[in-house]
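Presented below is the structure to which this report refers.
The values are calculated or read from the model by the stated rules, or taken from the named source; none is laboratory data. Just so we're clear, the structure is a prediction, and the values are computed from it rather than from any experiment. Because the Cβ atoms are built from the backbone with ideal geometry, glycine has one as well, and the counts that use them run over all protein chains shown.
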Amino acid sequence: MTRTSGKVARAAVAVVTAAVVGLLGAAVWSAPAGRPDQESAELAELALAGGAWATAIKDIAVPAQEPGMLVAMHAEENQEVEADQLLAQIDDSQAVAIQETAYWKQLAAEKEAANPVSKDFAEASRDVSWANLDSAKKANEKQRDAFPVWELRRLALQWKKDSLSVDQAVHDLAVLEMKASVQRAEHKAAQLDVGRRKVKSPMKGVVEKKWREVGDWVKPGDPVYHIIQMDQLYVQELLDATKYTDADVLGRNVLVSFRRPNGETVKLGGKIQHTSYRLVAGGRKFLVKAVVNNQKRSGFWALHPGQLVQMEIQTGP
């Protein structure tokens, strides 16, 4: 239901108001947002309720990424968690052993790649070969045939061989460095494999459901925890498309209010950040979503997903 309010001043402020209905029953539960079927169900319930409705922005079932037995569970239901916080541990004993093996292989490969002895020796041999050849040539300049032609050819061949040995040593060191890079990549992959056995929270939120216990066997994709973001929520409402357009409401501030069971009226601020291009109810309604900053009362979040509220949207200048 919508209405227009405000005193006559520099501009009129149109206000859209939805009736205060209170909390939905405990059976109402919102599945992870963003699915087409879920959105259609929410639109149907909004149209039926005729008001503004709070939904979760992020509502995520946190899965296991690797198979194995759960050896530790670090979070309980209703507990607040931070982004990247460790929630559960899958047995990683074998993965850790593989990681340690990869680590030592990496060190060995890097040490071998950093060893310059073969290159240094090849360069020293080349320098000696050149010195021998040069001495023989200078000796022949002073005394003809001091070194026969075949000896000069042998010395020249030795110098060529030792020069190529330097090239080969440089090539071998480059190959060893590549092998060290392969070992570094394998070590990193082993580290990632260990990390994938840690079930971490993808966001800041509250544990809605703990699906597993220590000793349970999980497969990739099995849900372990259900986390809901609570510091910010969507409040959405169907507006009359014959009275309002996207430009009237998008980016506008909102004031969300509702009454708690103890009689306290809670007011929360937010802003419209989404308007739907899809019209519903025979082309007469369109959905708007506001991101609302939640607050705590007595240590618990005041606004919950599934709660019906009153939302006022400033649509005037």
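Side notes on the structure shown:
- Among (1) at pLDDT 95 or above; (2) in a strand (DSSP E or B); (3) hydrophobic (A, V, I, L, M, F, W, C) - the single one residue 75 does not satisfy: (2)
- In segment 276-304, residue surrounded by the fewest Cβ atoms within 10 Å (Cβ to Cβ) [restricted to those that are of a type outside the set (D, E, K, R) and under 14 Å from residue 52 (Cα atoms)]: 291
- Matching option when the condition is over 28 Å from residue 300 (Cβ atoms), assigned to a helix (DSSP H, G or I) and modelled with pLDDT under 95, among 172, 193: 172
- Residue within segment 221-237 that is buried (at least 17 other Cβ atoms within 10 Å of the Cβ), more than 30 Å from residue 64 (Cβ to Cβ) and hydrophobic (A, V, I, L, M, F, W, C) present: yes
- Lone qualifier among 249, 224, 235, 254 - being over 16 Å from residue 313 (Cβ atoms) and touching a residue at least 24 places away in the same chain (Cβ under 8 Å): 224
- Here residue 210 fulfils each of the conditions (1) touching a strand residue (DSSP E or B) at 6+ places or on another chain (Cβ under 8 Å); (2) buried (at least 19 other Cβ atoms within 10 Å of the Cβ) apart from (2).
- Test: residue in segment 195-202 that is of a type in the set (S, T, N, Q) and within 28 Å of residue 105 (Cα to Cα): no
- Residue in segment 252-263 that is exposed (fewer than 14 other Cβ atoms within 10 Å of the Cβ), in the same structural domain as residue 52 (by TED's automatic domain parsing) and under 28 Å from the mean Cα position of the chain (by Cα) present: no
- In segment 196-222, the residues that are assigned to a strand (DSSP E or B), of a type outside the set (D, E, K, R) and in contact with an Asp or Glu (Cβ under 8 Å, 6 or more places away or on another chain): 205, 206, 207
- Taken over segment 62-78, the criterion of being loosely packed, with under 15 Cβ neighbours inside 10 Å and polar (S, T, N, Q) is satisfied by 78 alone.
- Condition met for residue 89 (part of a loop (DSSP other than H, G, I, E, B), touching a residue at least 60 places away in the same chain (Cβ under 8 Å) and not assigned by TED's automatic domain parsing to the domain that holds residue 187): no
- Test: residue in segment 86-106 that is within 15 Å of residue 207 (Cα to Cα) and surrounded by 17 or more Cβ atoms within 10 Å (Cβ to Cβ): yes
- Just one of the numbered conditions (1) in contact with a Phe, Trp or Tyr (Cβ under 9 Å, 6 or more places away or on another chain); (2) free of Cβ contacts under 8 Å to residues at least 40 places away in the same chain is not true of residue 292: (2).
- Total residues in segment 92-117 satisfying the condition of being out of contact with any His (no Cβ under 6 Å at 6 or more places or on another chain), over 30 Å from residue 60 (Cβ atoms) and in a helix (DSSP H, G or I): the figure is 13.
- Restricting attention to segment 142-169, the residues being farther than 15 Å from residue 123 by Cβ, assigned to a helix (DSSP H, G or I) and either in contact with a Phe, Trp or Tyr (Cβ under 9 Å, 6 or more places away or on another chain) or at pLDDT below 90 (or both) number 1.
- Residue that is nearest to residue 274 (Cα to Cα) [pool: residues in segment 223-260 that are hydroxyl-bearing (Ser, Thr, Tyr) and assigned to a strand (DSSP E or B)]: 234
- Test: residue in segment 177-196 that is over 30 Å from the mean Cα position of the chain (by Cα), touching a residue at least 24 places away in the same chain (Cβ under 8 Å) and under 27 Å from residue 135 (Cα atoms): no
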